[in-house]
Amino acid sequence: MAAFITLIGVPAATRVARSSATKDPQFVVIDEVAGQLIALIAVPLGWKTFLAGFILFRAFDIIKPPPVRQLERLPEGSGIVLDDVAAGVFALAVMHLLLHFGLLT
């Protein structure tokens, strides 16, 4: 599902960015959806994991550690979507570490 959202999100975000003449329109949220879905891949479903996934994703999306910041600089829809995909991957890695070490149940 995350791959599908990403695949349709890049061209959709490109179209919206072009039509609004905005580099990263704030009303485009498909990138956030893709990143959040990635953060929850293969994670047990429950309120604690949903909350942790949301917090981790938002933290990496705001902090933008390398290479997230660099991906944001890609043109049009690629930059809009792929930085959030990378933030989702970072969140996914931390989430699985927390689960592996029993810090999140």
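At a glance:
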read-out	value
Region 35-78, subset among the charged types (D, E, K, R) and under 12 Å from the mean Cα position of the chain (by Cα), residue farthest from Ile5 (Cα to Cα)	Lys64
Selection count, region 65-80, where residues are farther than 12 Å from Lys23 by Cα and of a type in the set (A, V, I, L, M, F, W, C)	2
Count - residues of region 21-47 that are loosely packed, with under 13 Cβ neighbours inside 10 Å and not hydrophobic (A, V, I, L, M, F, W, C)	4
Gly53 touching a Lys or Arg at 6+ places or on another chain (Cβ under 7 Å) and modelled with pLDDT of 95 or more	no
Any chance Ser78 is surrounded by fewer than 14 Cβ atoms within 10 Å (Cβ to Cβ) and small (Gly, Ala, Ser)	no
Where Gln70 falls short, out of the listed (1) modelled with pLDDT of 95 or more; (2) within 18 Å of His96 (Cβ to Cβ)	(2)
Residue tally, condition farther than 27 Å from Leu104 by Cα and touching a helix residue (DSSP H, G or I) at 6+ places or on another chain (Cβ under 6 Å), over region 56-72	2
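The values are calculated or read from the model by the stated rules, or taken from the named source; none is laboratory data. Computed from a predicted model, the values in this text were never measured in an experiment. Cβ: placed from backbone, ideal geometry, glycine included. Neighbour counts: every protein chain shown.
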